[in-house]
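Just below is one structure, and these are the notes that go with it.
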Amino acid sequence: MNDFWFNFKLGLTHVLDINAYDHILFLIALTVPFTFNSWKKLLWLVTVFTIGHTLSLLLAAYNVVSVNMAWVEFLIPVTILITALFNVFTAGKGARKEKMGIHLFIALFFGLIHGLGFSSFFRMNVEGRDNKLLTLLEFALGVEAAQIIAVLAVLIIGFVVQSVFRFNKRDWVMVISSVVIGVALPILRDTYLGLS
């Protein structure tokens with residue numbers, strides 16, 4: 001049971017670590033266009049993102065993939081920017097019939113990239129352990145729980161801002177997405193410089 005809590009907490013802190021806020025930035029960008037009315041769709045997106053994240057860690061733990069970490073560190077802020085820019089360009093467009101499949105595929109793909117960013121650290125943590133898969137599943141549960149906490153926080157703040165302070169949903173999405181872009185751009189610049 002102690003191992004479970006250790007791995008679960010490792011997953012929690014991986015997402016909620018204030019010093020590694022790229023994961024939170026992505027979750028903010030992913031969540032901000034949603035309200036409590038569409039929580040099922042959002043939960044699916046977050047869970048599929050976790051599946052992609054976990055799959056990357058699984059492949060890394062069993063030495064199936066090995067990647068250039070500089071490229072992965074560069075691609076993580078790219079995923080954040082793409083998500084936030086999508087919000088900016090689609091905010092206020094009204095209810096459209098969007099295909100869920102493409103959103104799920106993108107969430108899975110972005111999860112793979114974010115998982116690769118943590119793969120070296122995770123591989124070191126499971127080195128020599130008998131049951132890497134169980135460790136990974138316990139860690140993934142912590143990641144999913146932390147992501148749900150972050151998503152709930154964004155939904156609650158969005159609800160308060162839009163209901164109590166009468167902030168227009170379109171403006172809320174635009175402002176928060178623009179802030180995310182503003183924070184992600186320096187990360188993108190720094191990681192791009194790290195490529196050379």
- Query: Among (1) under 16 Å from the mean Cα position of the chain (by Cα); (2) over 16 Å from residue 83 (Cα atoms), which single condition is residue 180 missing?
  - Reply: (2)
- Please tell me if residue 82 is more than 29 Å from residue 4 (Cβ to Cβ) and of a type in the set (A, V, I, L, M). yes
- Task: Go through the residues of segment 11-20 one by one and say whether even a single one is modelled with pLDDT under 95, surrounded by fewer than 15 Cβ atoms within 10 Å (Cβ to Cβ), within 17 Å of the chain's Cα centre (by Cα) and part of a loop (DSSP other than H, G, I, E, B).
- Result: yes
- Given (1) closer than 25 Å to residue 126 by Cβ; (2) surrounded by 21 or more Cβ atoms within 10 Å (Cβ to Cβ), index of the condition residue 28 fails: (1)
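The values are calculated or read from the model by the stated rules, or taken from the named source; none is laboratory data. Model, not experiment: these values are computed from the prediction. For neighbour counting, all protein chains shown are included, and Cβ atoms are generated from backbone atoms with ideal geometry for every residue, glycine included.
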